[in-house]
Amino acid sequence: MQCRALDCMAMTSALPSRAALAAATPRTMSSMSSSPRALVLVAGLVVSLLSGSSHVVAADGHPDYADALGKALLFFQGQRSGQLPPDQAVTWRSNSGLSDGSAANVDLTGGYYDGGDNVKFGFPMAFTTTMLSWSVLEHGGKMKSRVGEARAAVRWAADYLLKAASQAPGTLYVGVGEPDADHRCWERPEDADTPRTVYAVSASAPGSDVAGETAAALAAASLVFRASDGEYSRKLLDKARDVMELAVRSQGKYSDYIGGDIGAYYQSYSGYKDELLWASAWLLRATKNSSYLGYIYSLGANDGVDMFSWDNKLAGARVLLSRRALVDGDSTLEPFRQQAEDYFCRILPGSPSSTTQYTPGGLMHKSGDANLQYVASASFLLATYAKYMAVSKHTFSCQGLAVTPKSLRALAKKQVDYILGANPQGMSYMVGFGARWPQRIHHRASSMPSVASHPAHIGCQEGFQNYFYSAAANPNVHTGAVVGGPDENDAFPDDRGDYARSEPTTYTNAPLVGCLAYLAGAYKS
């Protein structure tokens, strides 16, 4: 999403639309910003020489991945909506959205805000849930004492999705709030007073994309809790089946049917076959019911891809299905293994079939809008597929370029290290990690005083004038928030108004959690 032109309404009328930014290719976006390379390198060198931190580099010379993992998980507490629990650690947040759903006489309290605004978008929230769940399932053993926090992050989202899918038969609620109205205001979630319109998909208003992603999320979360809470796990899986049936029975893109403006913010440009494949892959793993395998083959979702995101799930689905091919030896899934490896050949530097641009500093660059979401998702797939390869003693080649588990892990590590500060700017793009990190992130609650320090209501336009336009650092440190990141030249302005580079999102942090867990286990402090 991330294209928050209305947040910056008084700054410029020339900003590209949210839809245009989301659909733009890296090539289209590359002309939007530039930075003198030499100055960036000098600044980064000075910072790296003058500033050190025990939270940047561990004793073995690597970033302190365990510390970064703890911070990445803490971020989700700062994104919570609803009645906050007694053990809430992010104390500058308070209860919000306590009447959500009342416009439709249902209870839709809880869940996560996707980024720096106050709307609840079910599509990216479901993807966030799926990726947090996959992180726990594949790399939870390396999370050590943090695994409880990771499960809590999953459960906060899963509780909401279960609620959204259970309020009325044959209906899935997929959003709360009016995005355009919300983005005309700069308000804390606790003060939000724009309409809390409710959006839903059903047989008469299809949404196979959002329903498919929600089914995937519920199925993946059911696996997270299978051993620790069997009853809850069964509820999640039963509801995943119901939602999948809705996705398959009444097909269509939700943005074409639900009305309002919510679909324009998270429209699935890839269509919905990828979500149906993704959901079927998760239901196959959760149920071991071979009927899902038959449906997977009937979809014909064979497009080549070089990106994995909240919008396009093809690469993730293929990697997930490859687990069964490589680890379980199921030869019927070999075509998906080959497609997964085609994806890696499209992103590996030096691959003859690479279609991926890298910055001079070595960062994967897929979009001028919230690029680090694509980096985090790719890094997760790299680390996870490397695990499958290592277990099965498998290698492959990209037109003669030999690829081993070590090859994939090295690229994942390089991307994560860049995010954590090993870059020309000497800047950690995770708030609160390291000696230098973004101070003016595009996030309402972080940029405004907490309710505890400023109990009086802060109005819509007052928020813009006193806080959005302020050059001061955000008063609330949103620890663990990973922002959109630098441009294609490794430049980062640290500007609150630059939503494309300065806004954090849940779907950036979620895959990064799994990758950080892997690295924390592989490179112990």
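Couple of notes before you dig in:
- Taken together, VAL154, VAL136 contain a single residue that is touching a residue at least 40 places away in the same chain (Cβ under 8 Å), in contact with a Leu (Cβ under 6 Å, 6 or more places away or on another chain) and under 18 Å from GLY316 (Cβ atoms), which is VAL154.
- Unmet requirement for SER367, which otherwise passes all of (1) touching a strand residue (DSSP E or B) at 6+ places or on another chain (Cβ under 9 Å); (2) of a type in the set (Ser, Thr, Tyr); (3) assigned to a loop (DSSP other than H, G, I, E, B); (4) crowded, with 19+ Cβ neighbours inside 10 Å: (1)
- Taken as a whole, the condition of being surrounded by 22 or more Cβ atoms within 10 Å (Cβ to Cβ), over 18 Å from ASP369 (Cα atoms) and over 23 Å from the mean Cα position of the chain (by Cα) does not apply to PRO475.
- Summed over the stretch 89-113, residues that are of a type in the set (S, T, N, Q), in a loop (DSSP other than H, G, I, E, B) and over 12 Å from SER450 (Cβ atoms) total 4.
- Among residues of the stretch 323-341 that are part of a loop (DSSP other than H, G, I, E, B), those with a Cβ under 8 angstrom from a residue that is basic (Lys, Arg), sequence gap 6+ or separate chain, pair up as ASP330/ARG324.
- Being open to solvent by less than 10 Å² (accessible area, probe 1.4 Å), farther than 19 Å from ALA153 by Cβ and modelled with pLDDT of 95 or more holds for only one residue in ALA221, ALA281, and it is ALA281.
- Among the criteria (1) open to solvent by less than 20 Å² (accessible area, probe 1.4 Å); (2) touching a residue at least 60 places away in the same chain (Cβ under 8 Å); (3) in contact with a strand residue (DSSP E or B) (Cβ under 8 Å, 6 or more places away or on another chain); (4) under 14 Å from LYS163 (Cα atoms), the one VAL106 does not fulfil is (1).
- Test: residue in the stretch 347-360 that is touching a Leu at 6+ places or on another chain (Cβ under 6 Å) and within 19 Å of ASN509 (Cα to Cα): no
- Count of the stretch 77-106 residues which are touching a Phe, Trp or Tyr at 6+ places or on another chain (Cβ under 8 Å) and of a type in the set (A, V, I, L, M): 2
- Residue list for the stretch 481-502, filter: in contact with a Leu (Cβ under 6 Å, 6 or more places away or on another chain) and free of Cβ contacts under 8 Å to residues at least 60 places away in the same chain: none
- Exactly one residue out of ALA205, ALA227 is surrounded by fewer than 24 Cβ atoms within 10 Å (Cβ to Cβ), free of Cβ contacts under 8 Å to residues at least 24 places away in the same chain and not acidic (Asp, Glu): that is ALA227.
- Within the set PRO438, PRO449, PRO493, PRO455, the sole residue that is crowded, with 22+ Cβ neighbours inside 10 Å and either in a loop (DSSP other than H, G, I, E, B) or touching a strand residue (DSSP E or B) at 6+ places or on another chain (Cβ under 9 Å) (or both) turns out to be PRO438.
- The stretch 284-294: number of residues that are more than 15 Å from ALA219 (Cα to Cα) and open to solvent by 50 Å² or more (accessible area, probe 1.4 Å): 2
- Qualifying residue in the stretch 75-84 (condition: of a type outside the set (D, E, K, R), modelled with pLDDT of 50 or more and either open to solvent by 50 Å² or more (accessible area, probe 1.4 Å) or more than 22 Å from ALA481 (Cβ to Cβ) (or both)): yes
- Scanning the stretch 496-525 for residues being assigned to a helix (DSSP H, G or I), closer than 20 Å to ALA410 by Cα and among the small types (Gly, Ala, Ser) gives a total of 5.
- Here SER351 does not qualify as buried (at least 21 other Cβ atoms within 10 Å of the Cβ) and in contact (Cβ under 8 Å) with a residue 40 or more places away in the chain.
- Selection count, the stretch 388-435, where residues are buried (at least 19 other Cβ atoms within 10 Å of the Cβ) and of a type in the set (Lys, Arg): 2
- Only one entry in TRP134, TRP156 is hydrophobic (A, V, I, L, M, F, W, C), under 28 Å from SER99 (Cβ atoms) and touching a helix residue (DSSP H, G or I) at 6+ places or on another chain (Cβ under 9 Å), namely TRP156.
- Flag if ALA481 is modelled with pLDDT of 95 or more, among the aliphatic types (A, V, I, L, M) and open to solvent by 10 Å² or more (accessible area, probe 1.4 Å): no
The values are calculated or read from the model by the stated rules, or taken from the named source; none is laboratory data. Bear in mind the structure is a predicted one, so any value in this text is a computation, not a measurement. So basically every Cβ, Gly included, is an ideal-geometry build from the backbone, and we count neighbours across all protein chains shown. With ligands, DNA and RNA removed, areas are computed over all heavy atoms of the protein, side chains included. Shrake-Rupley method; radii C 1.70, N 1.55, O 1.52, S 1.80 Å.
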